[in-house]
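One structure below.
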Amino acid sequence: MGIKAALSLPFAKYVVAKNNAWKSNAVEVQNKLFNTLIKKAKNTQFGVDHDFSSISSYEDWKKNVPVRNYEELKGYVQQIIDGGENILWPGKPIYFCKTSGTTSGTKYIPISKESMPNHIAAARDAILTYIAETKKTAIVSGKMIFLQGSPELEKTGNILTGRLSGIVAHHVPAYLSKNQLPSFETNCITDWEVKVDAIVEETLVEKMSLISGIPPWVQMYFEKLQAKTGKLIKDVFPTFDLFIYGGVNYEPYRKTFEKLIGKKVGGVELYPASEGFIAYQDSQTEKGMLLCVNHGIFYEFIPADEFYDENPTRISLADVELDINYVIILNTNAGLWGYNIGDTVKFVSIKPYRLIVSGRIKHFTSAFGEHVIVEEVEKSLEEAVAKITAEVNEFHVAPQVNPKNG
């Protein structure tokens, strides 16, 4: 056992013990964060416009700060692009995270010097939690690959701008970056097919222990590895023991992955967003992902079936209930306020607060008033695949309004 592996377990146990403090006092931590965020931002342009100085309770907050989407916050972002300071958060963002919105075109999500560390800490803690629970320390000794966007950054106004995964690549801790693949040059390749081919060549001779990425991306990588070697992934990478994923539901892909890999490996699900790192899987035996309540985000929730009502119920973490489909609303230490990221979640545990991503508030099929949401589609697909010999590469669902038969 190398020194890094030897030290990883006591470090992992220390971090888990430290995190238990906020894990077991989530509502109290959220209330303190609520007051801290308001105090810090009360003199910003947004804070003045919404009279943060008069807010002394969550009820005051709801009266002063409406729920917004990006389009409704865009004017403030444009002021930052034009060179303004103290607009949404004190000073200027250190980055804009560039995302492609379905309704707003390109979005520029601010990342502040206060919010950036939370993206790194949560991902780190997800790995350390896995180590503390399983005692599998060997993963830190092997090579790790994070299939991600290009780390090359441009400027919007005077703010460095890039995709979230590319920005995060500049902040990977030194003790992980030494083992990290692919190389910077390969990571900067813009053509995805060419990039994956280059990653295959670069990693083929390495002792990979941890592989991370969105399941469809990793599936392409595995298929290219198999096509080149004629081997199962477990034979290409005998030390591969942990798959970290997020972005889409893994369950529809699980059977395909197990066939490609040839063995079962540990898995950790993440819920990162451009707006902040929201949750990560903290248990190999319990369902759901642990909500990150002390990572610079004050959360609000609106029942999805009320979201388009004139006066929907709007609650803080203290009042959430199990198995209700909520639209998740963020207030962050990067200056997003009452911000609807479009995701819906369900809590599967209250002690501690664990959730699953159930879909998107605007993503549903309702040709006949049935209002089928993403979670229901994925669950149905999962159950169907379990009953038959089938694998899922990708899938699409649409109503058949005028079937030829039936």
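The values are calculated or read from the model by the stated rules, or taken from the named source; none is laboratory data. Just so you know, these numbers come straight off a predicted model, no measurement behind them. Cβ placement follows ideal geometry from the backbone for every residue including glycine, while neighbour counts extend to all protein chains displayed. These area figures cover heavy atoms from the full protein model, side chains too; ligands, DNA and RNA do not enter into them. Shrake-Rupley method; radii C 1.70, N 1.55, O 1.52, S 1.80 Å.
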Report yes if some residue within region 125-140 is hydroxyl-bearing (Ser, Thr, Tyr) and touching a Ser or Thr at 6+ places or on another chain (Cβ under 6 Å); otherwise report no. yes
Residue check, residue 11 closer than 28 Å to residue 342 by Cβ and touching a helix residue (DSSP H, G or I) at 6+ places or on another chain (Cβ under 9 Å): no
Are any residues in region 325-343 in contact with an Asp or Glu (Cβ under 8 Å, 6 or more places away or on another chain) and open to solvent by less than 10 Å² (accessible area, probe 1.4 Å), and if so, which ones? 327, 328, 329, 330, 331, 332, 334, 336, 338, 339
Name the residue, out of 313, 285, that is touching a Pro at 6+ places or on another chain (Cβ under 6 Å) and either open to solvent by 20 Å² or more (accessible area, probe 1.4 Å) or modelled with pLDDT under 95 (or both). 313
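So that you can scan it fast, the table gives a plain yes or no per residue for (1) charged (D, E, K, R); (2) buried (at least 18 other Cβ atoms within 10 Å of the Cβ); (3) within 22 Å of residue 126 (Cα to Cα); (4) at pLDDT 95 or above:
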site	(1), (2), (3), (4)
8	no, yes, yes, no
12	no, yes, yes, no
19	no, yes, yes, no
26	no, yes, yes, yes
38	no, yes, no, yes
43	no, no, no, yes
51	yes, no, no, yes
Quick one: is residue 266 open to solvent by less than 20 Å² (accessible area, probe 1.4 Å) and at pLDDT below 95? yes
Give me a count of the residues in region 93-142 that are within 26 Å of residue 41 (Cα to Cα) and not polar (S, T, N, Q). 19
In region 243-261, is there at least one residue being crowded, with 18+ Cβ neighbours inside 10 Å, touching a Pro at 6+ places or on another chain (Cβ under 8 Å), modelled with pLDDT of 95 or more and not small (Gly, Ala, Ser)? no
So, restricting to strands (runs of 3 or more DSSP E) that lie completely within region 174-275, which ones have at least 3 residues that are farther than 14 Å from residue 144 by Cβ and touching a residue at least 12 places away in the same chain (Cβ under 8 Å)? 266-273
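Quick grid of which residues meet (1) at pLDDT 95 or above; (2) open to solvent by 60 Å² or more (accessible area, probe 1.4 Å); (3) under 18 Å from residue 278 (Cβ atoms):
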| position | (1), (2), (3) |
| --- | --- |
| 87 | yes, no, no |
| 104 | no, no, no |
| 114 | yes, no, yes |
| 118 | no, no, yes |
| 125 | no, no, yes |
Are any of the residues in region 55-65 touching a Leu at 6+ places or on another chain (Cβ under 8 Å) and under 18 Å from residue 339 (Cα atoms)? no
Sort through 351, 346 and tell me the only one that's part of a strand (DSSP E or B) and either at pLDDT below 95 or open to solvent by 20 Å² or more (accessible area, probe 1.4 Å) (or both). 346
Among the listed residues 191, 197, which satisfies the condition of being of a type outside the set (Ser, Thr, Tyr), more than 22 Å from residue 265 (Cα to Cα) and touching a Lys or Arg at 6+ places or on another chain (Cβ under 7 Å)? 197
Taking the options 195, 207, name whichever one is closer than 17 Å to residue 241 by Cα, more than 20 Å from the chain's Cα centre (by Cα) and surrounded by 13 or more Cβ atoms within 10 Å (Cβ to Cβ). 207
